[in-house]
1. What is the order of B:74, B:453, A:415, A:410, fewest Cβ neighbours within 10 Å to most?
2. Taking each residue of A:462-469 in turn, how many C-beta atoms of other protein chains fall within 10 Å of its C-beta, and what is the average?
3. Using a cut-off of 14 Å between beta-carbons, work out the net charge of the residues near residue A:337 (Lys and Arg +1, Asp and Glu -1, residue A:337 not included).
4. FRET efficiency for residue A:277 and residue A:349, Cβ-Cβ distance as r, R0 = 30 Å, nearest 0.05?
5. To check you understand DSSP bridge types, tell me what percent of the beta bridges within the protein assembly as shown (both residues inside) are antiparallel, rounded to 5.
6. Which residues' amide hydrogens lie under 5 Å from the amide hydrogen of residue A:60, considering only partners 5 or more residues apart or on another chain, with H built in the peptide plane?
7. Taking a label point 7 Å out from Cα toward Cβ, give me the nm distances from residue B:408 to the same spot in the other copies, shortest first, one decimal.
8. Given R₀ = 30 Å, what would the calculated FRET efficiency be for residue B:101 paired with residue B:141, taking r from the Cβ atoms and rounding to 0.05?
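Readers should treat all values here as calculations from the given coordinates under stated rules, not as data from a laboratory. It should be emphasised that the depicted structure is a prediction, and the values quoted were computed from it without experimental measurement. Glycine gets a Cβ as well: all are built from the backbone with ideal geometry, and neighbour counts include every protein chain shown.
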Protein chains: 2
Amino acid sequence: MFQAAAKTLSLSRGASFSIRRYCFKTPAKLRVSEAVSGAHLGANVKVQGWLRSVRPQKANLFLHVNDGSALQSLQVVASSELNDPLLTLGSAVEVTGTLRKSPHQKQPVELEADQIHVVGDCNPVDFPFKKKERHSLEYIRQFPHLRCRTNAFSSLLRIRSEATTAVHSYFKENGFVQIHTPVITSNDCEGAGELFRVEVSVSSKGEKFFSVPAFLTVSGQLHLEVMSGAFSRVYTFGPTFRAENSQSRRHLAEFYMVEAEVSFTQSLEDLTKVMEDMFRSATEHVLAHCAADVDLFHKHVTPGHRVSPQGHLLFGVTYSEAIDILNHSSQKFAFPTDWGCDLQTEHEKYLVKHCGNVPVFVTDYPYDLKPFYARDNQDHPKHTAAAVDLLVPGVGELCGGSLREERLDLLRARLEETGLEDTYSWYLDLRRFGSVPHGGFGLGFERFLQCILGVDNIKDVIAFPRFSHSCLL
Amino acid sequence: MFQAAAKTLSLSRGASFSIRRYCFKTPAKLRVSEAVSGAHLGANVKVQGWLRSVRPQKANLFLHVNDGSALQSLQVVASSELNDPLLTLGSAVEVTGTLRKSPHQKQPVELEADQIHVVGDCNPVDFPFKKKERHSLEYIRQFPHLRCRTNAFSSLLRIRSEATTAVHSYFKENGFVQIHTPVITSNDCEGAGELFRVEVSVSSKGEKFFSVPAFLTVSGQLHLEVMSGAFSRVYTFGPTFRAENSQSRRHLAEFYMVEAEVSFTQSLEDLTKVMEDMFRSATEHVLAHCAADVDLFHKHVTPGHRVSPQGHLLFGVTYSEAIDILNHSSQKFAFPTDWGCDLQTEHEKYLVKHCGNVPVFVTDYPYDLKPFYARDNQDHPKHTAAAVDLLVPGVGELCGGSLREERLDLLRARLEETGLEDTYSWYLDLRRFGSVPHGGFGLGFERFLQCILGVDNIKDVIAFPRFSHSCLL
């Protein structure tokens, strides 16, 4: 622009002058987060976004413009003459004017508008969100293609994006290599039956695309273990699938999981340390980088919920101690609490409360409850495996992990018992060639967000929830 | 450790002395990248990893230990007395000793071993990789569970991890919000037939899990467009699926795509600028952070390949100009080059060469070649849409993008023509409520890696390739 002006200057005085004036008057395009920062007071700017509120008064018109760059909207003050019936909640606008100090404490900057252009209108009768109403999470969930236009859900999406950054940062800073483990897989990892099957939509000549049955991954663990034979620290972070036919507030058919695997472990402590560090570090990162968005949840969406992981001391109990605690409690449980039974959500919630409403590690679960890859503790009579769960307030199980059976003979014997040794011959190879003690864990990313924000329903912390009987958009 | 020693000190002099000596002698556990850095010369350390070479000589034994933290291995020098028949290529070891300056320029640090412990052996007869052999990418591809143990593929995985970081960093620094677009979807975006269908493996009572037909995503674009109604900059980066029944070196059934969407665009330049910036920034980041790993490829794996994006000037031609160039060339093409025909790989490669072997943008494709969402340029007689592809040397199409039709009437008319208006009524809603000019693009992440590294076969730049008739592990 300045080059063009300079060039014209040499042609004629008049022409140069008009172009120069044009250059100086072209308003700088700012994002809302930049405009409200206060760094551009006095500047002539252009801001684009969607209206979050419209308040016409006698002499002036007040608008709040938001473009998703922050929770805070930019207050626009305009002469009433600039009002237009198309300026309604949800409409898209482009406003030019001058940034001024505002007399209001809450929004120290406002835009004094010279011009308001309606880019896209929004019929207030048809638009499902209404002026001055605080819609519930349940209500906005009915509009998966529009709910990002509410304050609450746009805050959630910014928090989710920042929490993703936090997870990657933690692993990067700690020397982990990120592995893109596959979504389509021919193994089912846990031996669980709740799998989605994948096939071509229109199969040519009835042929199978992959020649073998193919499923959506339920865990990247076995693929990470492949990498654990060459990298001492690896992780993966991506979508994971369970075809659980449940309408619960705790389950999704497609959810995000953070999984890590560490080689040359000595004990479960090598895992719990990483789990605790990552949990703390990601929580602190989110609280520090999304203060306003988290505050919106804690004040208006889930009032009363607080989180301060820095102050938390994480407790650790063995499964056997946990069973003792449950059996000595006065609470009646719906599910049995005999040694050997799996811990149910009611038990987990009790344990968290019992330990002072802080995160709790439960270690060394009964051997028979754990999948073939869990490392045998070789104890008796109560035979356990080196597995660990992290339980957190409000959510229950947040992470699950274990040391993996690295001893070829023990692993082979267990696979032979279940007739799986041929299916997993490649997995046995990992123990045949340079096997090392190792272990890992998975963290449910949505549950992590629920834990921080106090959100009760898991469908409210993911952009496009998929669950039994629902796959909208 | 020091606390324990101090505690014991007060009990008896003898005990304290032995514990103190133990404390001071406990070797620090270092990763190989830390050990070779030169920052710990003279220190007593413990290093764990896998053997990449074993060279017994008369008086001394030389080992190279690698733990995946860097391409460079740590050279271990030991007295021949420490040799053990189990010290073979691929075995896992733990070595303690003292870090010394090495007389060799190539590896300025070496570990003088006191003790070598074989953690996991590796039978050299059964292990598919052999001493002193440089195995081809084709050969190692046969062992998807072991190939990460070769130098070439572990370098690739570190580069891939760092390139992922580079992509996220670029978008974060430029104010984009990351959206986790869904893998399972009920829409097919492009209207292409090459879809994977998703169903429960063991269906209960023959009921469909989602009530509607569900597919694996072929693009996150439409879901990003949902977000473009509230965030002016969004992106997604994750697995994408095509059931292409092809054994080509260019296609995978599961691949990674980077997709971005920008609101309030004025022209295609708003997109090409982001595409170019991201391409440059990610390339520079990888070259700067993975110099040794990239060097391995350029020297030994794909000799002769070089990349220097900083020096590149990106060219831009319209589709119509591209057709003129092709029709004036002396080269004979297998596919027709009439206006209205799609550009084939042979055409794209010619165009890239014609422009001086640099990345080339091709813009404004025939309207009829583009999907319903591409923005109508409303020109004639050659009717075009505001779409753009980025072609790069060696690879061909790296990115594809377009402005999206934001005008409700035009979009509705086009959907009506194809009878899709009911299916996409939610998509039309996005234009009903606060519609804004916007556009976006997708970049094939594997093709980006191929472009940097000069790797010919796409199966060699992804951890677990999935393609027609192949879903190993």
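1. Going from sparsest to densest Cβ surroundings: A:410, A:415, B:453, B:74.
2. 6
3. For residues surrounding residue A:337, the net value is -4.
4. My answer for the efficiency is 0.75.
5. The antiparallel proportion sits near 85 percent.
6. Correct list: A:80.
7. 7.0
8. The value I calculate is 0.15.
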